[in-house]
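Worksheet for the structure shown next.
The values are calculated or read from the model by the stated rules, or taken from the named source; none is laboratory data. As the structure is a computational prediction, the values presented were derived from the model and not from experiment. Positions of Cβ are generated from backbone atoms using ideal geometry, with glycine treated the same way; all protein chains shown enter the neighbour counts. What goes into the accessible areas is simple: the full protein's heavy atoms, side chains included, and nothing from ligands, DNA or RNA. Shrake-Rupley method; radii C 1.70, N 1.55, O 1.52, S 1.80 Å.
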Amino acid sequence: MKKKLLLVLSVSALFLFTGCGRTDSPNTLTILNYGKYIEPEILEIFEEETGIKVEYEEYITPENMYTKYKAGAIDYDLICTSDYMIEKLIQENEVSEMNYENIPLSKDLDQTYFEFSKSFDPENKYTLPYFFGTVGILYNKDLVDESKVNSWDILWDENYAGQIIMADSVRDSFMVAQKRLGYSLNTTDEDELRAAQELLIQQKPLVYSYLVDEAQDEMIAENAAMAVVYSGEAGYALEFNDKLAFSVPDEGSNMWIDCWFIPGRARHTEHAEKFLNFLCREDIAMMNFEYVYYATPNTRVKESLDPELQNNTTIFPPAKILENCEVLKSLDDEATMKYNLYWKEIKSAD
Amino acid sequence: MRKLKRQLLAGPYILWMTGFILLPIAMVLYYAFTTTGGSFTLLNVSSIAFSVHFKALILSLKLALICTVICLILSYPLAMILNRMKTKSQGFIVFIFILPMWMNFMLRILAWRMLLSNNGIINSLLETLGLPMIDILNTPTAVVFCMVYDFLPFMILPIYNAMARIQPDIIEAAKDLGAGNATIFFKIIVPLTMSGVISGIIMVFVPALTSFAVSDLLGGGKVLLIGNVIEQAFMQEYNWNLGSGLSFVLMIFVIASMALMNSRGDETGAGVW
């Protein structure tokens, strides 16, 4: 008797977790995006203008996005994420081709960034650039010798022991060491990786902490002298503390592009295209730029900004800097495992 | 019929156990012993022998042990002091100790970040007083410190409860028979509070061993505990098999430490489970 009851209950428990049916209403659009990466009001305007209901979800890192997408509980119609992760998804056949004819306003996006996108979307048929930027050093002018911030070497300078914040993410931290050594940031060469790891282990005693999102707050609070951050975060931090400045070292850095793509399992492709076109509209793109404050590929928006803002090199990296920059490429499983293992060894080093 | 009714009462609990305890454990076990392709492997579990993973496990054990010992040293005398107070003030002091637990655990850790940072509140205070500044944030010291702060109530409460249960008559009888203070302490109070000490140790040691949030936030990413390795495997590397394998090893350590404590408890007639 008891056994039977247990069986019935456990089977019904199973149903509880797997049996939920999926409901689909035709007039919705499900979007997945980084946190704080769109002006929330834009979603309301879109709903008002088109009558399409937007279901909006957020994630923290591209890896989180991948886990969420692969779990398959929700069928997303439109996702925004970074270069190397899109490449991985394209390789896995998870991305639908985009019909640019249905997004006429995409002509306002600067062709340069479609060129950059070719490193992960070789024929420009899957993605629409959203924002882009670089990685560099955010530093405190009172604490740091400004003549030296043009090189990654400063992050190994013993004078700044305990005042350096590194990025708590595998690829970004390796990038710093790889660029300092003059390697590609997509290298999978064993010796080059070991050399980069060696450098990062050497650097560890000087590091105050490894952070991602909190780095800008620590810099604003002046708890550290410099931090490796994304250009957008730097732009945000500069607004709060006048002593801060941003520099992308001459050895080169990572240039990243975040793009929209329509996943293979999307159910409302038309709505997604409508939304993308809407995002490219000048007034909407402007509103969005003012909120997100990252470099926008939208030429109309850029042209209508103050000249001062247009020449702000923190937000809009000049062409000369971009010359030495590389876009992150997706790595195969073996290389990914190597990077992850070497990174853990750095983190557990004394 | 009556028996069936009684069984139905247990229904929600069985449902809960199955859905949230047994099924997840079964899934962890499945992932732990399979590759991404689904074939059997021992590699995920044996990867604990990798120097990085092993080092993280040893560091976790070490910090958890230090944390437990500090909690015990702080709690035992405190429970004795509490027990001697008037009943009314006892309640108040216990309330004070529980009060921080009303606040979210993450918020309290983040508050310590603010307090301990280079230009934080404690350092500015020390600076104005002309005292040397402390520099413990982003070190294992800060991690242990915060774990002690977080888990202390879990040690105090069981010991205090065990102590409150000791009848004053027993102590008086011992005194009548000529026992000195030391004898009373070692022969009566310690054995009778053993059950409280053991549940306290388990309730501090186990969460300290498996913790990853504290080391993440107060270790500044420089203190790699086994919990962090597992979290990274799941969230960053999308390698659920490795994460599960290491979780399995950690589970063995947790169960072993509980069994060890439990056998000690049996001797004094005070098992915890």
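Keeping all protein chains in place, calculate the accessible area per residue for segment B:123-273 (probe 1.4 angstrom), answer in Å². List each step's numbers first, then the result.
Details: 6970 Å² over 151 residues.
On a per-residue basis, 46 Å².
At a probe radius of 1.4 Å, figure out the A/B buried accessible area, summed over both chains, and give it in Å² to the nearest 100. Working shown, then result.
Working: alone 16970 and 16660 Å², together 30560 Å².
Answer for the A-B pair: about 3100 Å² buried.
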(message) Inside 10 Å of the C-beta atoms of A:218-225, what's the mean count of C-beta atoms belonging to other chains?
(response) 3
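Is the C-alpha gyration tensor of segment B:49-267 telling us rounded, prolate or oblate? Criteria: a/c under 1.5 is rounded; beyond that, a/b larger than b/c is prolate, otherwise oblate. Please report the intermediate quantities before stating the final value.
Numbers: a/c = 2.56, a/b = 1.43, b/c = 1.79.
Oblate.
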(request) Within a 10 angstrom radius of each residue's Cβ in A:60-68, how many Cβ atoms of other chains show up on average? Whole number is fine. (result) 2
(request) Let me have the relative contact order for segment A:136-245, percent, based on Cα pairs under 8 Å that are six or more residues apart. (result) 44
(request) With a 1.4 Å probe and all protein chains in place, put A:M85, B:M27 in order of accessible area, largest first. (result) B:M27, A:M85
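Given the pairs A:K68/B:K222; A:K125/A:K179; A:K204/A:K347; A:K179/A:K204; A:K118/A:K329, which are separated by over 20 angstrom at their Cα positions?
A:K68/B:K222; A:K125/A:K179
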(request) Please report how far the C-alpha centroid of segment A:43-100 lies from that of segment B:1-34, rounded to the nearest whole angstrom. (result) 35
(message) No solvent, one uniform scatterer per C-alpha: report log10 I(q)/I(0) for the protein assembly as shown via the Debye equation at q = 0.06, 0.07, 0.08, 0.09 1/Å, two decimals.
(response) -0.42, -0.57, -0.73, -0.90
(request) Between the chain alone and the structure with every protein chain in place, find the residues of segment B:107-124 that drop at least 40 Å² of accessible area; heavy atoms, 1.4 Å probe. (result) B:R113, B:N118, B:N119
(request) Report the paramagnetic label zone for A:A195: residues of segment A:155-179 whose backbone N is under 14 Å from a point 7 Å from Cα along the Cα-to-Cβ axis. (result) A:177-179
(request) May I have the extent of the alpha carbons of segment A:188-317 along their three principal axes, as whole Å values ordered from largest to smallest? (result) 52, 40, 25
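With a sphere of radius 15 Å drawn around the Cβ of A:A245, what net charge do the other residues whose Cβ falls strictly inside it have (Lys, Arg +1; Asp, Glu -1)? Mind dumping the intermediate values first?
On the way: positive: A:K141, A:K148, A:K243; negative: A:D142, A:D145, A:E146, A:E222, A:E233, A:E239, A:D242.
With Lys, Arg at +1 and Asp, Glu at -1, the net is -4.
Is it possible to state the helix-based mean residue ellipticity at 222 nm for the protein assembly as shown, with each DSSP H run of 4+ residues giving -39500 (n - 2.57), the sum divided by total residues, to the nearest 500 deg cm²/dmol? What is it?
On the way: 29 runs with 342 residues, N = 623.
Counting only the DSSP helices, I get -17000 deg cm²/dmol.
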(request) Find the Cα radius of gyration of chain A, compare it with 2.2 N^0.38 Å by division, and give the number to two decimals. (result) 1.09
(request) Please report the Cα spread of segment B:1-62 along all three principal axes, rounded to whole Å, starting with the longest. (result) 59, 35, 13
(message) If Rh is defined by the Kirkwood formula over all Cα pairs and Rg also comes from Cα, what ratio Rg/Rh do you get for segment B:6-114?
(response) 1.14
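Work the Kirkwood hydrodynamic radius out for segment B:50-98: mean of 1/r over every pair of different alpha-carbon atoms, inverted, in Å.
On the way: mean 1/r = 0.0760 Å⁻¹.
Every distinct Cα pair counted, the radius reaches 13.2 Å.
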(message) If I ignore ligands, DNA and RNA and count only protein heavy atoms, how much of A:I201 is accessible to a 1.4 Å probe, in Å² to the nearest 10?
(response) 60
(request) Give me a single rounded figure for B:210-222: the average over its residues of other chain Cβ atoms within 10 Å of their Cβ. (result) 3
(message) In segment B:1-41, what residues drop by 30 Å² or more of accessible area when the other protein chains are put back, versus the chain on its own? Use 1.4 Å, and skip ligands and nucleic acids.
(response) B:L4, B:Q7, B:I14, B:L15, B:T18, B:L23
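Roughly speaking, to the nearest percent, how much of the protein assembly as shown's 1.4 Å accessible area is carbon and sulfur?
61
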(request) Obtain the nm distance between the two label points defined at A:D242 and A:D75 by a simple spin-label model: each point lies 7 Å from its Cα along the Cα-to-C-beta direction. (result) 5.6
